[in-house]
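The values are calculated or read from the model by the stated rules, or taken from the named source; none is laboratory data. None of these values were measured; they are calculated from a predicted model. So basically every Cβ, Gly included, is an ideal-geometry build from the backbone, and we count neighbours across all protein chains shown.
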Amino acid sequence: MGRVFLSTVLASAILLPLSAFALPSNCTVGTNVYYISRSGSDSSTQAQAKSKSTAWQHAPYMHSFTGTYSHTAGDCFVFRGNDTWDVGTTDYFVVSNGGSSGNADYYGVDQTWFSGSAWNRPILDIQSSYPNADAYSNATVFLMNAAYVTFDYFEIINAACRVTPTQTNLTEFATSGHDYITVSNSYFHKFNAQSGGCGSGKVTNGNASGNNFAIWLYMSVNYDGGHGSFDHNVVDGTDGTGEKGYETIAMDPGTAAIPSYNVIHDVCSGVAGLMNLVHDNLIYNFGYNANPTGFDCNKTGVHAHAIRTQSDATVYNNVVHDVNDGVIKTNPTSGTMYYIFNNVAYNIGYPGFAWYLIDLCDNGSGACSNGKVTVWNNTLQCVQNSGASSACFRLENAVNTLTLGNEHHIGLDNSGSLTGTSNASTYNFTPAQSLFQTAAQATSAGYTVSNQYAPTASNSPTVGIAANETSSWPIGSTNDTSRGCYQGTVNGAVQVVCPGYSNNPRPGSGAGPWAAGAYEAPGSAVAVNPPTGLTATVQ
């Protein structure tokens, strides 16, 4: 039995020294790397811009660029650390050319090149402005008219949306129907929505449908590819003015990026839209829970979902806490099996407001009739909510197949924790392989919020009671030895630090039972407020 147990203690951050930072392999200094600094000049020739000493002031495809440039797929644009550009009024991007498979254009950094005494990200300041706005009140900072483009290591500040004098929506990265757009290692903060929020109306792209006026970070429109990535980013709503920002990864009708390894907190919403994969994100402090005496995001129609996809999705290794509702919402439709596993959620909802930690098929009757989903090994704290119906799990409408098991639910018994399961044509569930505890029972057994409801001993009640699902588990995910991330400050720069957990693999086929819930054995919590002053740069 000893080999079943694994350690979920906070791992040491995987860090590399500054000297180990490298540009992408397709970026060759002296050949296709061009330097951009605030003190540079667009009068430099394209050949001169390959040297730091004769850098351009703007990158090609920035609105203010006045130089001469001829594009080659895979070109790389390096921005000097600590410099600031006004992307709200003059320096916004309209990217008309991109790279190719394995040879993406790169907009990013060389961490050995910076102004001042130490490297930090280049700053792109939107200045609460609304650049490049169209006739439908959509303003866009980075308009992507090409595929295969990577944006890496930027600090992006002062995004806003507004009701007056003209109700306006702001999108930071709009993929415009193009795939393979990556946004990574960046720091989004200082959101400046108007007091009272950005309004309850809908903004459109010229079609009948639309989305709430808000601040959108990554929006995919009219493309069903989904090979982009939004990863290793910090989205932090604790500074700035006005109301909380609204952050989402996708917009109908196109399948968008994979959100992974992000830390998203103190905004109005998390990742939403059409996504097939969401994993290893830390998401917390939304809506009423983030600001109980102030603006309620839900009143404007901007729902405080942590993870919501209107399509099939596999969702795993996420930690969500202190949000209003919609921890995980998916809509399985295709007839292919999708999975929801290894997620941890606690402190969800507030009095009088209905909430469901895992909520499937909310797109209406018939939408999921072919859907298949497996929900396994999640740890969910479900507090009984006076004045409104609530549950750890809800199936709103009919699906073809629901398999549920190895769960650890705290606060409600079996009958109260699971609702709507009769909507599944085929329902597979063995109660004895899951653990349902009252809050008092969980506390007595050592499952508390201080350790994110992980077991604390080898004989904890979740250990050894669950089915060994190795043969049915998604390939490659059973034996994850690290997962999740947290926000840290590394050499003065805010970073996503990974992993948040370090653990041994679950036992393989025939090697014994698993533990119920997201944790296999004794451990401790992910650090939501980790120590600062680490001595290397996260990669």
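Annotations
- Check on SER425, over 22 Å from ILE283 (Cα atoms), hydroxyl-bearing (Ser, Thr, Tyr), in the same structural domain as VAL463 (by TED's automatic domain parsing) and modelled with pLDDT under 85: no
- For the stretch 412-443, taking the residues that are small (Gly, Ala, Ser) and buried (at least 23 other Cβ atoms within 10 Å of the Cβ), the one that is farthest from SER369 (Cα to Cα) is identified as SER434.
- Of the candidates SER444, SER434, SER460, SER477, the single residue that is at pLDDT below 90 and either in the same structural domain as VAL373 (by TED's automatic domain parsing) or within 17 Å of THR379 (Cβ to Cβ) (or both) is SER477.
- Exactly one residue out of ALA527, ALA521 is modelled with pLDDT of 65 or more, part of a loop (DSSP other than H, G, I, E, B) and of a type in the set (A, V, I, L, M): that is ALA521.
- Residue match in the stretch 150-160 (condition: at positive phi and surrounded by fewer than 21 Cβ atoms within 10 Å (Cβ to Cβ)): yes
Okay, residues lined up against (1) touching a residue at least 12 places away in the same chain (Cβ under 8 Å); (2) among the hydroxyl-bearing types (Ser, Thr, Tyr); (3) closer than 28 Å to TRP113 by Cβ:
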residue	(1), (2), (3)
PHE151	yes, no, yes
PHE154	yes, no, yes
ILE157	yes, no, yes
ALA160	yes, no, no
PRO165	no, no, no
ASN169	yes, no, no
GLU172	yes, no, yes
TYR180	yes, yes, yes
TYR187	yes, yes, yes
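Rundown of residues vs (1) among the hydroxyl-bearing types (Ser, Thr, Tyr); (2) buried (at least 20 other Cβ atoms within 10 Å of the Cβ), yes/no style:
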| residue | (1), (2) |
| --- | --- |
| GLY98 | no, yes |
| TYR106 | yes, yes |
| TRP119 | no, yes |
| ARG162 | no, yes |
| GLY177 | no, no |
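- Which listed residue is under 18 Å from LYS50 (Cα atoms), in contact with a Ser or Thr (Cβ under 7 Å, 6 or more places away or on another chain) and assigned by TED's automatic domain parsing to the domain that holds VAL183, from TYR106, TYR69: TYR106
- Count - residues of the stretch 26-55 that are more than 33 Å from the chain's Cα centre (by Cα) and in a strand (DSSP E or B): 0
- Number of the exception - GLY102 against (1) at pLDDT 95 or above; (2) within 27 Å of the chain's Cα centre (by Cα); (3) closer than 18 Å to TYR180 by Cβ: (1)
- Within the stretch 29-36, not a single residue is of a type in the set (S, T, N, Q) and in the same structural domain as SER186 (by TED's automatic domain parsing).
- Of all residues in the stretch 77-93, those satisfying the criterion of being outside any loop (DSSP other than H, G, I, E, B) and touching a Pro at 6+ places or on another chain (Cβ under 7 Å) are PHE79, GLY81.
- Extreme residue, modelled with the highest pLDDT, among residues of the stretch 160-178 that are of a type in the set (Ser, Thr, Tyr) and within 16 Å of PHE142 (Cβ to Cβ): THR171
- Checking each residue in the stretch 109-137 for being part of a loop (DSSP other than H, G, I, E, B) and aliphatic (A, V, I, L, M) picks out VAL109, ALA118, ILE126, ALA133, ALA135.
- Residue that is modelled with the highest pLDDT, among those in the stretch 294-324 that are touching a helix residue (DSSP H, G or I) at 6+ places or on another chain (Cβ under 8 Å) and either assigned to a loop (DSSP other than H, G, I, E, B) or basic (Lys, Arg) (or both): ASN324
- Any hit, the stretch 138-145, residues being part of a loop (DSSP other than H, G, I, E, B) and either among the aromatic types (Phe, Trp, Tyr) or crowded, with 20+ Cβ neighbours inside 10 Å (or both): no
- Candidates VAL141, VAL149, VAL163, filtered to the one that is closer than 25 Å to ASN26 by Cα and assigned by TED's automatic domain parsing to the domain that holds GLY237: VAL149
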